[in-house]
Amino acid sequence: MTMDVPIGIDVEEKRRKMRNSVISFARRFFSPAEVEFLHTFSDPESQRKEFIKLWTLKEAYVKALGRGFSAAPFRDFTIRFEASETEQVSDNLEIAPRICVQVSDTSESLTSNWRFTLFEVDDSHYAAVCVERDKNITTGRAFDPLRLKVWKTIPLVEDERILERSRD
């Protein structure tokens with residue numbers, strides 16, 4: 001739940017296959033920096049997984065903006081992973097430590113004032129959450145991880161918390 005704060009959420013299947021090569025698809029939709037990032041992976045399977053992670057984050061961002069895929073071209077912004085260790089939350093849940101969006105100079109309608117979380121769900125999907133940072137916070141708290149609870153629910157059968165992450 002968010003109160004008066006835009007949020008975008010996207011979930012993508014990890015094993016999704018692509019007809020064309022990852023790099024050719026990325027060149028069509030991703031920024032040059034993201035294509036370069038994908039080139040750092042020589043293993044095609046790792047490259048495909050990183051592509052899906054980026055796609056999931058980009059979808060969450062445009063959803064938080066209240067736009068669709070075509071209204072906020074994916075090439076006009078770059079998703080970046082900041083260098084630090086990945087936090088292992090459980091055996092199958094990993095959270096990227098810090099993800100940021102860099103907006104191209106030519107884009108007037110996109111902003112970089114967002115926080116992201118990327119995690120795996122049931123070893124079968126990536127999920128991304130994008131929430132606008134509080135504009136009133138000027139200290140380091142603006143970069144704290146999102147407080148997040150993720151539940152797997154099968155109505156009338158099962159309700160299991162699979163992730164809880166809060167500020168320390």
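The values are calculated or read from the model by the stated rules, or taken from the named source; none is laboratory data. Because the structure is a prediction, the values reported are computed rather than measured. Positions of Cβ are backbone-derived with ideal geometry, glycine not excepted, and every protein chain shown enters the neighbour counts.
Would you check if E94 is at pLDDT below 85, among the acidic types (D, E), assigned to a strand (DSSP E or B) and surrounded by fewer than 13 Cβ atoms within 10 Å (Cβ to Cβ)? Judged against the criteria, E94 is not a match.
Applying the condition of being over 26 Å from E132 (Cβ atoms) and among the polar types (S, T, N, Q) to region 41-59 and asking which residue is surrounded by the fewest Cβ atoms within 10 Å (Cβ to Cβ) yields S42. Residues of region 121-143 being surrounded by 12 or more Cβ atoms within 10 Å (Cβ to Cβ) and modelled with pLDDT under 80, which ones? Scanning region 121-143 gives D134, A142, F143.
Checked against the criterion of being in a helix (DSSP H, G or I), farther than 21 Å from R133 by Cα and modelled with pLDDT of 90 or more, region 60-78 has no qualifying residue. The set of residues in region 11-51 that are under 20 Å from V103 (Cα atoms) and in contact (Cβ under 8 Å) with a residue 60 or more places away in the chain comprises S31, A33. Considering every residue within region 26-49, establish whether at least one is in contact with a Leu (Cβ under 6 Å, 6 or more places away or on another chain), of a type in the set (A, V, I, L, M, F, W, C) and in a helix (DSSP H, G or I). Checked against the condition, which is being in contact with a Leu (Cβ under 6 Å, 6 or more places away or on another chain), of a type in the set (A, V, I, L, M, F, W, C) and in a helix (DSSP H, G or I), region 26-49 yields at least one hit. For region 11-31, the candidate set comprises residues that are loosely packed, with under 12 Cβ neighbours inside 10 Å and over 30 Å from K152 (Cα atoms); within that set, the residue that is modelled with the highest pLDDT is S24. The lone criterion from (1) touching a helix residue (DSSP H, G or I) at 6+ places or on another chain (Cβ under 6 Å); (2) closer than 16 Å to E132 by Cα; (3) of a type outside the set (F, W, Y); (4) modelled with pLDDT of 90 or more left unmet by L38 is number (2).
Exactly one residue among L118, L54, L146 is among the hydrophobic types (A, V, I, L, M, F, W, C), at pLDDT below 65 and within 30 Å of R161 (Cα to Cα), and that residue is L146.
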